[in-house]
Protein chains: 2
Amino acid sequence: MGATPDNTDAGTPDDRHEHDVERFIEAWGRMGSVWGISRTMAEVHALLYITGEAMCTDDIMAHLEISRGNASMSLRALLDWGVIARVHRRGDRKEYFQAEQDIWSIFRAIVRERVKREVDPLLVSLHEIRDRTREHGDKPETDIDRRLDQMIVFFEDATRLADRFTGPSGSGLKLAASLLNASDKVVGRVGGRSSKRKGTG
Amino acid sequence: MGATPDNTDAGTPDDRHEHDVERFIEAWGRMGSVWGISRTMAEVHALLYITGEAMCTDDIMAHLEISRGNASMSLRALLDWGVIARVHRRGDRKEYFQAEQDIWSIFRAIVRERVKREVDPLLVSLHEIRDRTREHGDKPETDIDRRLDQMIVFFEDATRLADRFTGPSGSGLKLAASLLNASDKVVGRVGGRSSKRKGTG
DNA sequence: TATTGTTTTCAGAAGATTTTGAAAACAATG
DNA sequence: CATTGTTTTCAAAATCTTCTGAAAACAATA
């Protein structure tokens with residue numbers, strides 16, 4: 001496969017975009033950490049997403065210059081996250097992979113997975129801790145109890161919110177849209193510093 | 001998940017909670033990755049948050065069994081994130097540190113910081129890539145262009161949303177509250193399908 | 001069944017991140 | 001300015017994560 005030509009501008013649309021594709025892959029890969037996925041995994045996803053094509057393991061290995069093992073594991077993980085899908089081609093024994101194209105679906109899949117992996121276990125722990133604290137019965141409300149409660153309430157609200165976003169297809173989008181519109185009314189001008197009296201700080 | 005084989009209950013409320021404090025620190029530390037902070041940093045924050053007390057470096061070193069260097073760096077990072085504050089005590093040369101107690105403030109600080117560090121640079125890259133793509137002029141709309149656009153729109157919306165949440169004190173809370181209430185109307189009976197987080201695992 | 005093409009696995013290598021500890025820098029006081 | 005207590009820095013060590021590559025497993029075909 002042709003490496004980068006000396007002249008970054010090329011004739012055909014495909015060539016023209018080659019450089020941009022690389023740049024996108026790089027940017028998206030760097031971003032990986034935010035979503036809790038490794039750089040390579042993010043790059044594989046970037047490649048599949050931005051090209052929109054179905055690719056086999058060898059295509060991916062070649063394009064990203066990674067080992068077969070790494071490609072295999074990254075693809076598997078992306079399948080687990082539900083952001084890419086297997087594609088079969090008649091008369092071809094290889095498996096192909098294609099990225100989900102709707103960015104909202106991608107986002108929902110990631111949020112769903114992260115909440116499941118990170119927030120849910122935390123909530124379980126928090127509940128266990130609080131219940132143990134409470135079973136003493138006599139002293140229901142220490143400062144520590146109150147802080148635990150605060151935190152549980154917060155994360156339960158957050159989970160509920162995430163559930164809405166990741167709910168049935170389309171609702172997340174609608175929800176966000178309504179939020180972006182409605183919030184003006186609720187919050188007022190965002191830019192403006194509303195002269196609210198503040199509490200202790 | 002071993003419970004307590006021997007009875008760790010002690011008489012005083014302080015002793016009673018010691019074990020729970022440890023558990024909370026552990027849980028919160030494990031959570032760190034989600035927020036993009038290291039385990040120790042999260043543990044330092046957990047300790048300060050759950051006790052609510054102002055502590056000096058030595059207190060923290062002793063409690064978490066970490067080195068002075070580590071404590072110093074973690075505290076500095078937490079200060080940068082804006083989730084703890086310095087406290088001075090008359091006649092004491094040591095510095096003390098105390099955690100922000102309002103969990104919404106903590107959340108806002110973290111979101112603000114992460115957007116700044118991760119999303120903003122991505123958006124810059126995305127814009128650069130698209131602009132370069134566009135400057136060819138002749139073919140304004142390839143599939144790749146369209147996907148880049150999609151992504152830019154998405155992250156700009158997301159940033160705007162995050163800005164609202166992290167905006168003037170209190171508004172994030174109101175916004176979330178309104179969202180949790182309003183979303184029933186907007187989305188319809190999403191809750192119909194029970195979105196329970198429990199599960200057996 | 002043997003053959004051939006493809007995917008998965010996983011131990012060890014490579015790489016990245018976090019932690020330590022001791023020295024340097026800093027700052028308050030005598 | 002010397003002393004003493006405190007905080008910061010950073011090279012090296014420890015630890016954790018990711019990646020490789022070759023072997024094993026799998027699957028389609030003859």
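The values are calculated or read from the model by the stated rules, or taken from the named source; none is laboratory data. Being a predicted model, the structure only gives us computed values, none of them experimental. Counting neighbours? That spans all protein chains shown, and the Cβs are built from the backbone with ideal geometry, glycine included. For the accessible areas, the whole protein counts, side chains as well, though only heavy atoms, and no ligand, DNA or RNA atoms are used. Shrake-Rupley method; radii C 1.70, N 1.55, O 1.52, S 1.80 Å.
The table below gives the values:
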| quantity | calculated |
| --- | --- |
| Per-pair calculated FRET efficiency, R0 = 25 Å: residue B:101 and residue A:132 via Cβ, rounded to 0.05 | 0.65 |
| Peptide A:113-123 - average C-beta neighbours from other chains (10 Å radius) | 3 |
| Loop sites in the stretch B:63-94: trypsin sites (Lys or Arg not before Pro), DSSP, at most 16 other Cβ within 10 Å | B:89, B:90, B:93, B:94 |
| Per-pair calculated FRET efficiency, R0 = 56 Å: residue A:53 and residue A:143 via Cβ, rounded to 0.05 | 0.45 |
| Size of the A/B contact, given as accessible area buried on both chains, probe 1.4 Å, in Å² | 7000 Å² |
| Computed P(r) (all Cα pairs; the stretch B:103-171; 10 Å bins; percent) | 19, 40, 23, 13, 4, 0 |
| Shape call, the stretch B:13-99: gyration tensor on alpha carbons, a/c limit 1.5 | oblate |
| Residue B:159 paired with residue A:160, simple spin-label distance in nm, labels 7 Å along Cα-to-beta-carbon | 3.2 nm |
